[in-house]
Each structure stands twice: as C-alpha cells, then as structure tokens.
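The values are calculated or read from the model by the stated rules, or taken from the named source; none is laboratory data. Keep in mind that this is a model prediction, so the values were computed, not measured. Every residue, glycine among them, receives a Cβ derived from its backbone with ideal geometry; neighbour counts consider all protein chains shown.
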Amino acid sequence: MPLHIALEMAKKKSFDLVEVAPTAVPPVCRMMDYGKFKYEQAKKEREMRKSQKTSILREIRLRPKIGDHDFEAKTRSVRKLLLDGDKVKITIMFRGREITHADLGWRLLEKMMESLKGSVSIEKQPMMEGSRMFMILTPLASQQTKAATAQPVKSSVGQPVKAAANQPAKAKEEKEGKVKESANA
C-alpha cells in the first residue's frame with residue numbers, strides 16, 4: 001500500500017503510522033496509538049523492576065573481644081539478612097594492639113561460619129585490610145527459594161494451619177457433606 005494512502009487511513013482512525021520493520025522490502029508499518037504504546041511499555045518495565053530482587057551488601061561489625069550473648073545476637077541478625085536474600089560482609093575491627101592477635105579474629109569468623117553452617121556460602125574468604133578483617137557471605141540458592149515460598153500460617157492455638165488455597169476447598173467439601181447428611185435424614 002502506498003505511503004500517502006496509509007497515512008490517510010491512520011489519520012481517519014486517529015492513529016499513528018509506526019514503521020515496524022524498516023529493513024524489510026517493502027517496509028512494514030502498523031497503525032497504532034503511539035502514546036498509548038509507549039505508556040504500556042513503560043508500565044511493563046516498571047513491573048519488571050518491581051519483581052526483580054536486588055542483592056544488597058549488608059555489613060555486620062564485630063570486635064575481637066565480643067561477649068557470647070552479643071555474638072549470638074549478631075549471628076541471628078546475619079541469619080535474618082541472609083534469609084532476606086542479601087549478601088553479608090562480616091567485619092572484625094581491631095583497635096590498637098589488638099591487631100597483633102589477628103588469630104582471635106580468624107577464630108571469631110570460624111565460629112560465625114560454624115554457627116551458620118548449611119545456610120551460607122563464602123563469596124570472599126577472610127582477609128585482612130588495614131586494621132580490619134572481613135569476609136563476605138552469600139545465601140545458598142535453596143535458602144532463597146525457601147524464603148520466597150509461602151510459609152504456613154499459625155493459628156492462635158499455635159498449630160500450623162493449612163495453606164489459604166486449600167481452605168476454600170475444604171469449606172466447600174464440609175458444606176457439601178452437611179447438605180448430604182441433611183438429605184439422608
């Protein structure tokens with residue numbers, strides 16, 4: 001179809017004439033509302049960005065002379081961050097002459113790895129950088145998928161309740177059972 005006829009048809013229908021495949025012989029054009037098309041495309045991009053999970057590097061700082069309870073609290077916060085899908089940088093900060101006992105930092109990082117065993121992988125091995133020792137941990141792929149799946153909801157009694165998807169089906173079955181019982185009586 002000649003270009004001027006296609007332009008007239010598009011104008012009559014209040015559409016734009018958009019060239020889809022300029023390299024084809026003859027070039028391929030489409031009649032569409034270009035503004036609406038661009039809006040829908042931007043909307044799809046926003047939705048795609050929303051669904052993406054960006055991995056954030058979070059840092060937990062420790063001292064070599066940390067108490068047992070404080071260490072356990074830091075371990076719980078590291079576990080929580082890893083379950084959220086974030087990477088965690090564990091930093092041991094040495095002050096003054098503490099740097100001469102870098103082995104305390106190594107033992108502390110080993111203790112942290114031992115307490116998180118099975119749920120993490122080491123992205124960067126422990127290393128010294130100035131007066132700080134650090135290592136970077138990442139969650140295992142299986143841990144991320146477990147966190148993403150729905151967990152069972154607990155009732156006020158404390159017993160797990162079946163998933164919400166199964167509840168309507170059960171309610172329907174119970175109603176049908178009651179109707180059958182009343183019909184039999």
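Filter the range 38-64 down to residues that are in a helix (DSSP H, G or I) and either in contact (Cβ under 8 Å) with a residue 24 or more places away in the chain or among the polar types (S, T, N, Q) (or both) and give me whichever is surrounded by the most Cβ atoms within 10 Å (Cβ to Cβ). Residue satisfying both the conditions and the ranking: GLN41. If I filter the range 24-31 for residues that are within 39 Å of the chain's Cα centre (by Cα) and assigned to a loop (DSSP other than H, G, I, E, B), do I get at least one hit? Checking the range 24-31: not a single residue is within 39 Å of the chain's Cα centre (by Cα) and assigned to a loop (DSSP other than H, G, I, E, B). Residues in the range 113-159 that are at pLDDT below 85, of a type in the set (D, E, K, R) and farther than 15 Å from LEU83 by Cα: LYS154 alone.
Being in contact with a helix residue (DSSP H, G or I) (Cβ under 9 Å, 6 or more places away or on another chain), hydroxyl-bearing (Ser, Thr, Tyr) and surrounded by fewer than 16 Cβ atoms within 10 Å (Cβ to Cβ) is a property that holds for SER131.
Go through the residues of the range 96-118 one by one and say whether even a single one is hydroxyl-bearing (Ser, Thr, Tyr) and exposed (fewer than 12 other Cβ atoms within 10 Å of the Cβ). Lay out the reasoning, then the answer.
Taking the range 96-118 and keeping what is hydroxyl-bearing (Ser, Thr, Tyr), we get 100, 115.
Then keep just the ones that are exposed (fewer than 12 other Cβ atoms within 10 Å of the Cβ); that gives 100.
Yes, the range 96-118 contains a residue that is hydroxyl-bearing (Ser, Thr, Tyr) and exposed (fewer than 12 other Cβ atoms within 10 Å of the Cβ).
Does GLY35 count as of a type in the set (Gly, Ala, Ser) and either in a helix (DSSP H, G or I) or out of contact with any Pro (no Cβ under 7 Å at 6 or more places or on another chain) (or both)? Against the criterion (of a type in the set (Gly, Ala, Ser) and either in a helix (DSSP H, G or I) or out of contact with any Pro (no Cβ under 7 Å at 6 or more places or on another chain) (or both)), GLY35 qualifies. Residues in the range 65-89 that are in a loop (DSSP other than H, G, I, E, B) and within 28 Å of the chain's Cα centre (by Cα): ASP84, GLY85, ASP86.
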